[in-house]
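The values are calculated or read from the model by the stated rules, or taken from the named source; none is laboratory data. What you see is a predicted model, and the numbers here were worked out from it, not measured in a lab. We place every Cβ from the backbone using ideal geometry, glycine too, and count neighbours over all the protein chains shown. Surface accessibility is based on the protein's heavy atoms, side chains included, excluding ligands, DNA and RNA. Shrake-Rupley method; radii C 1.70, N 1.55, O 1.52, S 1.80 Å.
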Amino acid sequence: MTIKGALFDFSGTLFRIEPTESWLRAVLDATGTAVPEEDILRYARQLEDAGALPGGAPPQAVPPHLTELWGVRDRSSEGHRTAFTGLAREVPLPRPELYDALYDRHMEPAAWRPYPDTAEVLGELRRRGVRIAVVSNIGWDLRPVFRAHGLDEFVDAYVLSYEHGIQKPDPRLFRVACDALVLAPADTVMVGDDRRADGGAARLGCRVHLVDHLPVEQRPDGLRPVLDFAGGAETP
């Protein structure tokens, strides 16, 4: 059956966050913090192991004092910031203000790159009359990222966990998205990179299509199979 709506995850599905080392270097440059090259590389490795970059590698271990918060971090902007700056603080950086600066950097449009086929697939879905929602577990407003990359025109609704106090895989968040598109769940597909979180849409009756969370260069056309759900002829 042809879909009428597509729900897309954000990080690892439509966009990818910059590498940890680039993230750190951008903040060091912006704050005028001079650090020897060997220390930059060491800090970047430690931050990656800590899972301090939202959208990056998960933490190797969540510190006990953050365990409870970690499970619900995407339900509020305050919880999201506290969780990720808490992970970053496990790494002894040279200036205390760097922790908040790192968190702020990851919200900048320049920190994100769309996958090579994101614009093509969203545009083609729109051409075929498919309604589109972005459904993300997140603690901040990602709309400026879409606007900066020229993709906001393709999105009919944004359903962000922190704005509703609900996070995937809770089917209620997918229900909000379907209602925003004025569609029945059976008429939609949820596209994401996390089998547990995004797979929760199946409990509501949405179809689910998973993509690989890979670096941008390694996934040039991972979204194109979504067009098979939409019916109609592709543009030449």
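Compute the relative contact order of the range 17-111 as a whole-number percentage, counting only Cα pairs closer than 8 Å that sit 6 or more residues apart in sequence. Result for the range 17-111 is 33 percent.
Computed from the Cβ-Cβ distance with R0 of 30 Å, the FRET efficiency linking Val72 to Glu21 stands at 0.50. Compute the long axis of helix 20-30 from its Cα atoms, compare it with the longest principal axis of the Cα atoms of the chain, and write down the angle in degrees, 0 to 90, nearest 10. Roughly 60 degrees, rounded to the nearest 10.
Calculated from the structure at hand, Cα Rg over 2.2 N^0.38 Å is found among [x] 1.00; [y] 1.45; [z] 1.04 as [z]. The angle between the Cα long axis of helix 118-127 and the main principal axis of the chain comes to about 20°, on a 0 to 90 degree scale. Computed from label points 7 Å out along Cα-Cβ, the spacing between Gln60 and Arg224 is 3.8 nm.
Candidates Pro185, Ala110, Gly32 compared by Cα position along the dipole of the chain: farthest toward the positive end lies Pro185, with charges placed on Cβ.
Rolling a 1.4 Å probe over the heavy atoms of the protein chains gives the range 17-111 an accessible area of 49 Å² per residue.
Take every Cα pair under 8 Å whose residues are at least 6 apart in sequence, average their separation, divide by the length of the chain, and the relative contact order is 28 percent.
Over the chain, what percent of the accessible surface lies on carbon and sulfur atoms, probe 1.4 Å? Accessible surface attributable to carbon and sulfur in the chain totals 50 percent. Since only Ala44, Ala101, Pro59 are under comparison, the one whose Cα sits farthest along the positive direction of the charge dipole of the range 17-111, derived from C-beta charges on Lys, Arg, Asp and Glu, is Pro59. Under a Gaussian network description of the chain, with springs only between Cα atoms under 10 Å, the residue in Glu38, Glu78, Glu90 that fluctuates furthest is Glu38. Springs join every pair of Cα atoms under 10 Å in this Gaussian network model of the chain, and among Asp194, Asp49, Asp29 the largest mean-square fluctuation is at Asp29. Ordering His149, Gln218, Gly71 by Cα displacement along the dipole of the chain toward the positive end leaves Gly71 in first place; charges were set at the Cβ atoms of Lys, Arg (+1) and Asp, Glu (-1). Beta bridges from DSSP with both residues in the chain: antiparallel share about 15 percent, rounded to the nearest 5. Classification of the range 172-236 by its C-alpha gyration tensor yields an oblate form. The axis ratio a/c (a ≥ b ≥ c) is 1.5 or more, and b/c is at least a/b. Computed from point charges on the beta carbon alone (+1 for Lys and Arg, -1 for Asp and Glu), the dipole magnitude for the chain about its Cα centre is near 720 Debye. Seen through its C-alpha gyration tensor, with square-root eigenvalues sorted a ≥ b ≥ c, the range 115-236 comes out rounded because a/c lies under 1.5. Distance between the pseudo-spin-label points of Asp39 and Asp212 (7 Å out from Cα toward the beta carbon): 3.8 nm. Using just its DSSP H runs of length 4 or more, each adding -39500 (n - 2.57), the chain gives a mean residue ellipticity at 222 nm of -10500 deg cm²/dmol after division by all residues.
Dipole size of the range 17-111 about its Cα centre, with +1 on Lys/Arg Cβ and -1 on Asp/Glu Cβ: approximately 200 debye, rounded to the nearest 20. Under a GNM of the chain (C-alpha, springs under 10 Å), which listed residue has the highest mean-square fluctuation: Leu214, Leu181, Leu53? Among Leu214, Leu181, Leu53, the largest GNM mean-square fluctuation belongs to Leu214.
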